[in-house]
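The values are calculated or read from the model by the stated rules, or taken from the named source; none is laboratory data. Only a predicted model underlies this, so the values are computations on that prediction, with no experimental measurement involved. A quick note on method: Cβ atoms are made from the backbone with ideal geometry, for glycine too, and the neighbour counts reach across all protein chains shown. Only protein heavy atoms, including side chains, enter the accessible area calculation; ligands, DNA and RNA are left aside. Shrake-Rupley method; radii C 1.70, N 1.55, O 1.52, S 1.80 Å.
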Amino acid sequence: MQAITSSFQPRGGAASTNNIAVTAAAQSMPLPIIAVEGVTVRLVNAGTQTVFIAFAGTATVATSMPMLANTIETFTFPQGAVISVIAAGTGSTLYATFGDGQ
């Protein structure tokens with residue numbers, strides 16, 4: 001049996017995206033309330049800095065997941081998820097669009 005996958009579709013209309021200007025200080029990105037079934041989140045790192053991301057706890061440049069400048073990644077988030085971000089300096093904005101699919 002083949003799994004059916006669908007392309008990413010934003011959830012919530014015009015209010016489906018949040019963003020944060022990433023700096024050299026760890027900060028949490030505000031997220032909407034995530035439904036019980038979870039959500040797919042499309043992250044876009046627009047800018048010049050590698051952004052380091054943690055989905056639990058506080059992000060650090062040394063140990064958190066790097067997201068290269070000008071890249072896009074998609075993740076599945078459970079209810080109660082958080083995003084903590086940091087970079088070596090200013091120059092990037094992280095956009096998070098909430099939806100369904102891949």
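Which pairs turn up if I take residues in the range 70-97 that are closer than 12 Å to Thr48 by Cβ and look for partners that are open to solvent by 80 Å² or more (accessible area, probe 1.4 Å) with beta carbon separation below 8 Å, at least 6 apart in sequence or on another chain?
Close Cβ pairs satisfying both conditions: Gly91/Thr48; Ser92/Thr48; Thr93/Asn19.
Ile34 fails exactly one of the following numbered conditions: (1) open to solvent by less than 50 Å² (accessible area, probe 1.4 Å); (2) farther than 20 Å from Gly99 by Cα; (3) aliphatic (A, V, I, L, M). What is the number of that condition?
Every listed condition holds for Ile34 apart from (2).
Which residues, taken from the range 1-31, are surrounded by 14 or more Cβ atoms within 10 Å (Cβ to Cβ) and either among the hydroxyl-bearing types (Ser, Thr, Tyr) or touching a helix residue (DSSP H, G or I) at 6+ places or on another chain (Cβ under 8 Å) (or both)?
Ser16, Thr17, Thr23 - these are the residues of the range 1-31 that are surrounded by 14 or more Cβ atoms within 10 Å (Cβ to Cβ) and either among the hydroxyl-bearing types (Ser, Thr, Tyr) or touching a helix residue (DSSP H, G or I) at 6+ places or on another chain (Cβ under 8 Å) (or both).
Output yes when any residue across the range 53-68 is among the aromatic types (Phe, Trp, Tyr), at pLDDT 90 or above and either open to solvent by less than 30 Å² (accessible area, probe 1.4 Å) or out of contact with any Asp or Glu (no Cβ under 6 Å at 6 or more places or on another chain) (or both), and no when none is.
No, the range 53-68 contains no residue that is among the aromatic types (Phe, Trp, Tyr), at pLDDT 90 or above and either open to solvent by less than 30 Å² (accessible area, probe 1.4 Å) or out of contact with any Asp or Glu (no Cβ under 6 Å at 6 or more places or on another chain) (or both).
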